[in-house]
Amino acid sequence: MDYTILIDSIDAQQWEQYAHGFVDYSIYQTWAYQQVRAESDRQEVRRIIIKDENGEAVLMCHLRIKAIRPLGIRIGYVQSGPLMLRERGELDCLPDALKQLRDSCSHMSINVLRVVPNLRNDEVGEKIGGLLEFSGFKKNQRVAPYRTFIVSLKEPEEEILARIHRESRRILKKAEKMLIEVRQGTSHEFFEILENLYAGAKERKGFEGVDSAEYAKTQQMLAQNDKAIVLIAYYDGQPITAHATTHFGTTAVPILTASNETGLSCGTSYLLWWRAYLIAKSLGMERYDLGGVDPDRNPDGYRFKKRMGGDETFYLGAFEMYKNSIVERLWHAAEGAHRLLKKVRV
């Protein structure tokens with residue numbers, strides 16, 4: 001079959017039209033998010049779409065490129081992509097499409113190409129992982145795969161609720177009985193409240209967290225139907241907890257959550273997580289990804305999410321392709337040195 005590769009030849013609206021046909025689409029492959037990330041990291045971003053002879057997109061991704069000047073190499077990075085799992089689930093075209101992606105990156109003088117698929121390590125994910133390796137990619141065992149808890153939303157509400165740990169359900173029910181007002185929206189005002197609560201939580205707990213400004217900029221750029229839904233809990237007229245969720249493909253994903261001291265004492269985070277489940281279910285999402293967990297670095301966060309009714313899940317991890325064996329060794333040595341420096345700083 002003949003394939004056509006398009007690079008930087010469509011606009012944001014066309015991108016969305018194609019991308020919404022993929023089950024593995026997420027906020028991290030939206031035009032808006034990748035544009036914000038590229039600008040903040042001073043990276044070049046290329047938009048790649050590969051179509052079959054019928055004009056249907058079979059693979060697409062935003063590719064961020066960064067020049068590592070001390071090493072004299074160019075790194076290409078595909079975050080939560082490329083998008084490969086179409087709604088009908090055909091995989092036959094992937095080897096040829098991945099070859100097209102590999103060749104196009106070679107023409108851009110990319111020395112190392114890293115892709116991190118937005119795919120769970122299940123039967124389908126393992127099959128696509130095999131196709132990646134068949135196409136010349138190598139699994140990078142040094143990169144820990146994304147680890148999370150996945151809540152199934154296919155069952156009735158009472159079954160979803162019953163899977164939540166009894167202690168978490170108790171706190172949830174307590175919060176429901178309090179005079180808590182919950183509002184939802186997608187506007188800048190809602191996101192600004194969330195950012196303020198998140199900044200307060202980072203200062204109180206002393207953790208690095210994420211750059212909330214990147215998500216705020218992304219929210220402003222996204223199409224209305226793609227914006228994150230922000231839930232805010234109010235007590236005595238004051239915001240005490242906020243929670244933002246995105247809804248792409250078949251999986252809902254939280255991007256920012258935060259509570260102040262009053263919110264923690266009222267247990268409103270449990271209330272907003274539960275409301276987020278119900279909203280995602282009403283929008284046709286099949287599952288809710290609770291966000292990354294690390295039992296060693298953040299045991300409290302791990303315990304909280306473990307009790308929220310999901311199954312612990314690992315994703316595929318990172319796959320890489322190198323210009324040659326010398327570049328491969330150089331890149332691995334540089335990554336190892338970078339990790340060592342981070343440990344020393346901590």
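Data for the structure
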| item | result |
| --- | --- |
| Failed criterion for residue 221 (all others in (1) hydrophobic (A, V, I, L, M, F, W, C); (2) within 18 Å of the chain's Cα centre (by Cα); (3) within 23 Å of residue 265 (Cβ to Cβ) hold) | (3) |
| Subset of segment 220-237 (residues that are among the acidic types (Asp, Glu) and assigned to a strand (DSSP E or B)) | none |
| Residues located in segment 4-53, provided they are charged (D, E, K, R), without any contact (Cβ under 8 Å) to a residue 12 or more places away in the chain and either within 19 Å of residue 250 (Cα to Cα) or not in a loop (DSSP other than H, G, I, E, B) (or both) | 39 |
| Subset tally (residues that are within 22 Å of the chain's Cα centre (by Cα) and in a loop (DSSP other than H, G, I, E, B)) for segment 98-128 | 5 |
| Residue within segment 156-177 that is in a loop (DSSP other than H, G, I, E, B) and closer than 23 Å to residue 24 by Cβ present | no |
| Single match in 259, 282, 269, 187 (criterion: buried (at least 19 other Cβ atoms within 10 Å of the Cβ), of a type in the set (Gly, Ala, Ser) and closer than 30 Å to residue 23 by Cα) | 269 |
| Candidate set from segment 195-214 (those that are more than 21 Å from the chain's Cα centre (by Cα) and touching a residue at least 60 places away in the same chain (Cβ under 8 Å)); member that is nearest to residue 32 (Cα to Cα) | 197 |
| Qualifying residue in segment 135-150 (condition: assigned by TED's automatic domain parsing to the domain that holds residue 267 and over 30 Å from residue 214 (Cβ atoms)) | no |
| Subset of segment 54-97 (residues that are buried (at least 17 other Cβ atoms within 10 Å of the Cβ), in a strand (DSSP E or B) and of a type in the set (A, V, I, L, M)) | 57, 58, 59, 60, 63, 65, 73, 75, 78, 83 |
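The values are calculated or read from the model by the stated rules, or taken from the named source; none is laboratory data. Bear in mind the structure is a predicted one, so any value in this text is a computation, not a measurement. Quick reminder, even Gly has a Cβ in these numbers, built from the backbone with ideal geometry, and neighbours come from all protein chains shown.
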